[in-house]
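What follows is one structure encoded as structure tokens, with my remarks underneath.
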Amino acid sequence: MDWRERLKEWDKAYIWHPFTQMKDWLDSDPLIIERGEGIYLIDIYGKRYIDGVSSLWCNVHGHRHPLIDRAIKEQMERIAHSTFLGLSNPAAIQLARKLLQMAPEGLGKVFYSDNGATAVEVALKMAFQYWQNRGQRERTKFIALKGAYHGDTIGAMSVGGIPIYTETFRPLLFPVLKVEAPYCYRCPLKKRYPGCDLACTEDLERTLKEHAEQCAALIIEPIVQGAAGMIVQPQGFLRRVWELCKKHGVLMIADEVATGFGRTGRMFACEHEGVTPDLMCVAKGITGGYLPLAATLVTDEIYEAFLGEYHEFKAFFHGHTYTANPLACSAALANLEVFEKERTLERLGPKIQYLKGELERFWEIEAVGDIRQKGFMVGIELVQDRDTRRPFPPEEKVGQRVVLEARKRGVIIRPLGDVIVLMPPLAIEQWELGLLIEAVYESIKAVCGG
């Protein structure tokens, strides 16, 4: 048997893939990626594919970037890992300093973890314990937005708002105050922006008036709700949420796991509206898509509430075996260096405008109900009926069929239901962006017709 066929056989025999109906997988011809080069993924047959979703929203400067490769190799020659519990390492120290220099003004300390969900768990626990340490033990509740996604661990699911990910586990989750989130294409209030005057914040305002004194924090994906379908919040929404939290004395956690590191056109999405959260979660793009690493950035005020004598047990009792792994921190430092050396954000602006212009032609396809874009985060919502906005039946697997068509055209994408997501590496050149857009356009046409 050919070694490539054997790999496929072993995959089906031994592996359980995430977010995958394995019954369908077992009937499929698995795509196995062996190498990467720039914005391309290369399979075991040598076929090249544009990485249209940045390897699940994390790759920034392309695969095998020489500067990041070199940084990891140089760190490997020193040490791969040592504990961060009671010890430190140079890469983690330098990275923390650099992150705080780039983050919204007012954040003062960095706590490392392993991935986006753990960064959120850290933020939730910190916000909770902050009030406990201050003697306000009644502040135990959290506020989250409907349609939110913050990860798949128990705390992160508790503040999540997408039933397909959470409902099975409902008995395990703690209760959370859920408030309306903007979804202008399918506004639950039947209003239109900007004439609505951000009416979707009124639910939050009522909730804060009633429950603020029992609340530890609100958590929000700033500017874009990613897993909900790339839902872009209307201008002013984030700032009003922040102002309401400040007014009522409730901490605000910004989950920048998906939006951070340039995805929206700014280094962090909070910058679009001049917001400094009390806690900010980052992951995905922090290492340029190389290695698992996450961080929770907090204000000095929160950090100082954990200071005390040993016997007071005010310390934050949380950590991970691979916290602040030196290899990952070295990759992250190199990632940030590439941002500066290659003027990544400065060069991104024209590509964002080009992408915006090219997306207009998708309206020619009758099944395109909505096109949402913020920077390099794009969601194209496909519907069965544009006039009534009626979605396709799940049984038709429209999004999945578009993905398979795109593969035939040398593009890898992954949908959110019937929302086709585009989120290429920031390093993609304009002509390559054109290839990606053309392939996705033709793939949607092939599935849905013109």
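Figures for the structure shown
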| quantity | calculated |
| --- | --- |
| Some residue of the stretch 267-282 being surrounded by fewer than 22 Cβ atoms within 10 Å (Cβ to Cβ) and hydroxyl-bearing (Ser, Thr, Tyr) | yes |
| Selection within the stretch 388-416 - closer than 15 Å to ALA367 by Cβ, touching a strand residue (DSSP E or B) at 6+ places or on another chain (Cβ under 9 Å), part of a loop (DSSP other than H, G, I, E, B) and not basic (Lys, Arg) | PRO391, PHE392, PRO415 |
| In the stretch 105-120, the residues that are out of contact with any strand residue (DSSP E or B) (no Cβ under 7 Å at 6 or more places or on another chain) and either outside the structural domain of VAL176 (by TED's automatic domain parsing) or within 17 Å of MET252 (Cβ to Cβ) (or both) | GLU105 |
| Filtered residues of the stretch 185-201 (kept if in a loop (DSSP other than H, G, I, E, B) and closer than 16 Å to ILE219 by Cβ) | none |
| Contacts under 8 angstrom Cβ, first residue in the stretch 16-45 being over 16 Å from ARG414 (Cβ atoms) and touching a residue at least 40 places away in the same chain (Cβ under 8 Å), partner acidic (Asp, Glu) and surrounded by 11 or more Cβ atoms within 10 Å (Cβ to Cβ), 6 or more apart | ILE44/GLU34 |
| Unique match (being over 30 Å from TYR310 (Cα atoms) and not in a helix (DSSP H, G or I)) among PRO171, PRO182 | PRO182 |
| Near pairs, Cβ below 9 angstrom, 6+ apart or cross-chain, from the stretch 422-447 (among the aromatic types (Phe, Trp, Tyr)) to any residue that is part of a helix (DSSP H, G or I) and at pLDDT 95 or above | TYR441/GLU358; TYR441/ARG361; TYR441/PHE362; TYR441/GLU364 |
| Any chance ALA156 is without any contact (Cβ under 8 Å) to a residue 60 or more places away in the chain, of a type in the set (A, V, I, L, M, F, W, C) and assigned by TED's automatic domain parsing to the domain that holds LYS178 | yes |
| Selection within the stretch 116-142 - free of Cβ contacts under 8 Å to residues at least 40 places away in the same chain and of a type in the set (S, T, N, Q) | GLN132, GLN136 |
| Residue match in the stretch 77-84 (condition: surrounded by fewer than 18 Cβ atoms within 10 Å (Cβ to Cβ), touching a residue at least 12 places away in the same chain (Cβ under 8 Å) and closer than 27 Å to MET230 by Cα) | no |
| Scope the stretch 159-202; condition touching a residue at least 40 places away in the same chain (Cβ under 8 Å) and of a type in the set (A, V, I, L, M, F, W, C); matching residues | VAL159, ILE162, ALA181, CYS184, LEU198 |
| Qualifying residues in the stretch 214-243 (those that are in contact with an Asp or Glu (Cβ under 7 Å, 6 or more places away or on another chain) and assigned to a helix (DSSP H, G or I)) - the one surrounded by the fewest Cβ atoms within 10 Å (Cβ to Cβ) | GLN214 |
| Test result for LEU426, in a loop (DSSP other than H, G, I, E, B), in the same structural domain as ARG372 (by TED's automatic domain parsing) and over 21 Å from ALA367 (Cα atoms) | yes |
| Residue selected from the stretch 23-47 under the condition in contact with a strand residue (DSSP E or B) (Cβ under 9 Å, 6 or more places away or on another chain), loosely packed, with under 13 Cβ neighbours inside 10 Å and among the acidic types (Asp, Glu), by the criterion farthest from LEU404 (Cα to Cα) | GLU37 |
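The values are calculated or read from the model by the stated rules, or taken from the named source; none is laboratory data. It should be emphasised that the depicted structure is a prediction, and the values quoted were computed from it without experimental measurement. Note: ideal-geometry Cβ built from the backbone for every residue, glycine included; neighbour counts use all protein chains shown.
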